[in-house]
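Below you'll find the structure, written out as structure tokens, and then a few comments.
No lab work stands behind these numbers, since they all come straight from the coordinates. A quick note: this is a predicted structure, and the numbers were derived from the prediction, not measured. Neighbour counts run over all protein chains shown; Cβ positions are idealised from the backbone, glycine included.
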Amino acid sequence: MTPEHLEPDLKSDIKSHARKTKAQVEARVEEAAPWLVRLARFGYFCKGLMYLTIAFLAIRGALHLGNNQTDPRGALDYLGRNTASDALLITLAVGLVGYSIWQLIRAFVDPEQQGHKAKGMMKRIGYGISGIAYLTLAWAALRVSWLEDRVSNPQSEEQWVARIFEWPAGRELVAVVGVVFLAVALNQLYVAIRASFMKRIKSWHLKPQEQALVVGIGRIGIAARGLVAGMVGWLLLRAAWYVDASEAGGMSEALRNFEKAPGGAITFLMIAIGMLLYGLYAWIQARYRKIPIGQHD
């Protein structure tokens, strides 16, 4: 048999193996569905606590009452230094792992039927990246708890961008990541304006006034998060344009750039309040979000 005849058979075997593996994963997820749903909801709760802490630190900064790093790692450091027990950090780590697992299920099992077209695949890739990011945060929480290690680093994004600049086409890669952040920001603003996030909420449990409150909280919170993502994208594009890693930054640097914008402290404070509402929205998701694993939602 010629190699030309073998190649279609090989592709067919690969596809068949992939389908079988996916079916096995789906079966395991189905078996664990009740626990996974609870873990995902707890994950949303812990995510909300993280954003509420970030908002608290940002508001303190706006009022010149503190100078903490206003991002998830800064929040972990703050909680680690200002709580009486490591139990909170360990609990947070468990919740963040739960949220990560849910995001990875969304990416690979696709319970929300995003499909294989370009738009759906982009969303699923985003879920996968989010899952990995929250796993690293869970590990960071354990490091703070067990090793009493500081995980916040204001220069961490600059260091990563500097390393990427050393790669072939590193400048272009940084620019692409910046464009991705801007695309995410535009999508979040669109979702906030259209209130399309409500299709994921079990709103039939809520009275009309409660639904209106959820819409308001979700719109402001998601819009604020979108603006922060957009600023991160803009900083990455500036870094790529000038080939200068010091121009890059994450959430903390993005919030500081809002403080430098016209309106200064007021703009910064409004964004911080928006992040607080995003944390409350995550708590709403913990209770009312549709999590279509098994037959539970």
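Between residue 203 and residue 87, the C-beta separation translates, for a Förster distance of 22 Å, into a calculated FRET efficiency of about 0.05.
The HN-Hα couplings worked out from phi for the range 214-228 by the Karplus form 6.51 cos²θ - 1.76 cosθ + 1.60 (θ = phi - 60°) are 4, 4, x, 4, x, 4, 5, x, 5, 4, 4, 5, x, 5, 5 Hz, whole numbers, x standing for Gly and Pro. When only the Cβ of Lys, Arg, Asp and Glu is charged (+1, +1, -1, -1), the dipole of the range 154-290 relative to its Cα centre reaches about 980 debye. Rounded to the nearest whole Hz, the Karplus-based 3J(HN,Hα) values (6.51 cos²θ - 1.76 cosθ + 1.60, θ = phi - 60°) of the range 76-81 follow the sequence 5, 4, 5, 5, x, 8, with x at glycine and proline. Restricting attention to the range 154-290, lysine pairs at least eight places apart or on different chains and with alpha-carbon atoms under 30 angstrom apart total 4. Here the dipole of the range 38-120 is about 180 debye; that uses its Cα centre as origin and unit charges on the Cβ of Lys and Arg (positive) and Asp and Glu (negative). Per-residue HN-Hα couplings for the range 181-192, Karplus 6.51 cos²θ - 1.76 cosθ + 1.60 at θ = phi - 60°, whole Hz, x for Gly and Pro? Per residue, the Karplus-derived 3J(HN,Hα) values read 4, 5, 5, 4, 4, 4, 5, 5, 5, 5, 4, 5 Hz. Our estimate of slack between residue 112 and residue 210, defined as 0.36 nm per intervening residue step minus the Cα-Cα distance, is 32.8 nm. Residues in the range 94-124, backbone N under 12 Å from the label point at residue 183 (7 Å along the Cα-to-beta-carbon vector): list them, ranges by number please. Counting only backbone N, you get 118-124. Look at the alpha carbon pairs under 8 Å that are at least 6 residues apart: their mean separation over the length of the range 231-283 gives a relative contact order of 24 percent. At what distance in nm do the modelled label points of residue 193 and residue 122 sit from each other, each positioned 7 Å from its Cα along Cα→Cβ? It works out to 1.6 nm between the two label points.
Residues whose amide H falls under 5 Å from that of residue 289, counting only those 5 or more places apart or on a different chain, are 202, with hydrogens built in the peptide plane.
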